[in-house]
Amino acid sequence: MVTGGVRRQVGSPTPYPPTPLRREAGLPPAAPPYPNWESSGLDGHTIGHAMSAAARLVIATDDPRVGPFLDRLVDGVQEAQRAGGDGYVGGVPGGRELWTRVAAGDVAADSFGLNGAWVPW
């Protein structure tokens, strides 16, 4: 369960870093990316799950560590968004270029992808 993973992370001195978001914004990595989905085309995918789970835990628990954990996640996303300079934030490799192509009408969708990217939405 995602909330269980977030519960384990809230006390960590190095909580989930938004490394793929940083990479796509041109920032140096905060840590090595997590394996599997975070390193195979769905990069940045889990940060949304972590943020959602942390927000639910803020409401559902009285754990004083969860709010600051969520704040760190949001701060990491904001840092990447600001560094990108155009409002875009995402971790899918080449995401900025992908969405530029989509905006120009170049759309090739399939059941799990868009223009060769794996589930970039």
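Throughout, read-outs are computed from the coordinates displayed, never taken from laboratory work. If you're wondering where the values come from, they're calculated on a predicted model, not measured in any experiment. Because the Cβ atoms are built from the backbone with ideal geometry, glycine has one as well, and the counts that use them run over all protein chains shown.
Points to keep in mind about this one:
- With all projection directions averaged, the alpha carbon convex hull of region 54-121 covers 6.1 nm².
- Net charge in the neighbourhood of Gly76 (other residues with Cβ under 15 Å of its Cβ; Lys, Arg +1, Asp, Glu -1) is -2.
- Amide H within-cut-off set for Gly113, under 5 Å, with H built and near neighbours excluded: Val119
- Length released on extending from Asp86 to Ala60, taking residue separation times 0.36 nm less the Cα-Cα span: 5.9 nm
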